[in-house]
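Undergrad: Before we start, here is the structure in question, set down as structure tokens.
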Amino acid sequence: MARLSSGRKKGFRSGGLFCFAPHQIMTLLAFLMLSSCQAEANANVESRATRAKVVQDTVPAGTILADTAQALQAPVAPSTYTFVGVGDMMLGTNYPSASYLPPQGGTTMLAHVEDLLKDADVTFGNLEGTILDEGGTAKRCNNPKACYVFRSPESYAKHFQKAGFDFLSIANNHSGDFGLTGRKRTKAVLAEVGIAYAGLAGSDEYAIIERNGLKVGMAAFAPNSGTVSIHNYAKAREIVGKLEAECDVVIVSFHGGAEGAKHQHVPRARETYYGENRGNVYEFAHAMVDAGADIIFGHGPHVTRAMELYNDRLICYSLGNFCTYGRFNLRGEAGIAPLVQVEVDAEGKFVGGQVTPVYQSYNHGPKVDAQNRAIKTLLRLNAADFPESPLILGEDGTLSKKQ
């Protein structure tokens with residue numbers, strides 16, 4: 001410390017020592033304490049840096065802790081699954097004449113909606129008629145005015161495969177158009193292209209597939225000879241209960257209800273058409289949900305019918321004519337249909353969905369309908385037939401549940 005001048009200003013020398021005033025001593029102590037704290041802080045910083053350097057040198061770059069690595073490697077199951085359902089399909093028939101077949105071997109019939117059909121874990125449709133090149137005996141009808149017989153070329157099975165179909169119902173009034181020969185060949189051709197089918201009494205009452213880790217079962221019912229009966233509730237409950245016990249999600253398909261725009265409403269009663277008991281589709285659908293069904297896709301009336309939510313399960317009462325070439329009436333309501341995409345959780349409970357409106361004409365298969373006619377039809381029918389249902393259909397086709 002530098003020697004100071006005499007006087008009592010900052011300090012003075014006495015007996016060889018520097019002397020300080022009390023306030024100077026306090027200032028000095030504060031300075032020493034600050035220096036000590038700063039030194040300790042610097043040491044801590046250096047210590048932390050040293051420890052970090054040790055860790056960096058010890059653990060190789062890119063190393064992940066075991067628990068984290070295990071979590072990252074473990075497969076994560078999807079929380080929801082998507083299903084697509086469409087209605088009646090008959091891509092063309094070579095009976096009674098090959099003139100009822102579409103151009104280009106039917107390769108373009110589903111082309112405009114192929115991406116929509118493939119955008120699902122599982123895709124379903126109703127196959128009207130048989131698939132075989134030749135042979136079989138054409139059925140005879142009691143009422144020729146209401147009788148049509150369909151036989152599509154075997155190559156057409158690949159069109160369904162290419163479009164992404166997983167399940168096809170063969171429970172309808174046209175699956176027996178060419179007798180046992182037609183049914184056998186239809187099943188064989190579908191099996192060859194990897195498409196599951198169901199709906200025939202005794203032999204093919206249901207089908208089970210696995211997609212993306214999900215086990216899905218499908219059963220199909222109709223009021224027609226040779227099919228699994230829509231009238232036998234006990235048998236239907238038995239089949240659906242078996243599927244519910246074995247599968248994650250259960251689809252039920254039915255072919256029922258009267259036909260045409262004059263019968264577009266769901267009456268909640270038995271329907272008779274051309275003298276045939278077409279079933280009580282409302283009662284049947286509810287019974288199947290109670291038995292374990294998660295999604296119900298209806299068809300048969302050849303027009304769109306209403307949809308509802310029952311016990312958090314979606315019921316589509318008729319998906320109309322989806323792709324029906326040559327021999328079907330496509331005027332008015334018969335020429336439009338909904339393509340329904342429904343999202344469910346791993347237990348089959350409804351989460352949401354989307355309706356895409358499509359239309360077809362006599363010279364092309366289904367295309368997306370810019371006029372949204374099928375959505376407008378559903379809005380009208382849903383409000384009239386199921387006002388109590390919590391299902392919400394938006395004008396853009398979105399499906400959700402009222403909270």
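The values are calculated or read from the model by the stated rules, or taken from the named source; none is laboratory data. As the structure is a computational prediction, the values presented were derived from the model and not from experiment. Here the Cβ positions follow ideal geometry from the backbone for every residue, glycine too, while neighbour counts run over all protein chains shown.
Undergrad: Answer yes or no: is there a residue in region 180-199 that is among the basic types (Lys, Arg), over 20 Å from Asp248 (Cα atoms) and buried (at least 21 other Cβ atoms within 10 Å of the Cβ).
TA: Yes; the residues of region 180-199 include at least one that is among the basic types (Lys, Arg), over 20 Å from Asp248 (Cα atoms) and buried (at least 21 other Cβ atoms within 10 Å of the Cβ).
Undergrad: Let me ask something else about it. So which residues in region 140-197 are hydroxyl-bearing (Ser, Thr, Tyr) and touching a residue at least 60 places away in the same chain (Cβ under 8 Å)?
TA: Tyr148, Ser152, Tyr156, Ser169, Tyr197
Undergrad: Take Leu339 and tell me if it is in contact with a strand residue (DSSP E or B) (Cβ under 9 Å, 6 or more places away or on another chain), in the same structural domain as Leu91 (by TED's automatic domain parsing) and closer than 28 Å to Pro223 by Cα.
TA: Criteria met by Leu339.
Undergrad: On to the next question. State which residue pairs qualify: first residue surrounded by 13 or more Cβ atoms within 10 Å (Cβ to Cβ) and inside region 96-122, second residue part of a helix (DSSP H, G or I) and small (Gly, Ala, Ser) in any location, beta carbons under 6 Å apart, and separation of 6 or more residues or different chains.
TA: Leu110/Ala163; Glu114/Ala163; Leu117/Ala163
Undergrad: In region 296-322, how many residues are of a type in the set (A, V, I, L, M, F, W, C) and touching a Cys at 6+ places or on another chain (Cβ under 8 Å)?
TA: 3
Undergrad: Moving on. Which ones in region 215-241 are crowded, with 18+ Cβ neighbours inside 10 Å, part of a strand (DSSP E or B) and not β-branched (Val, Ile, Thr)?
TA: Selection gives Gly217, Met218, Ala219, Ala220, Phe221, Ala222.
Undergrad: Sort through Ala287, Ala269 and tell me the only one that's of a type in the set (A, V, I, L, M, F, W, C) and over 22 Å from Phe124 (Cα atoms).
TA: Within the list Ala287, Ala269, the selection yields Ala269.
Undergrad: Here are some residues: His159, His174. Which one is closer than 23 Å to Asn321 by Cβ and in a helix (DSSP H, G or I)?
TA: Answer to the selection: His159.
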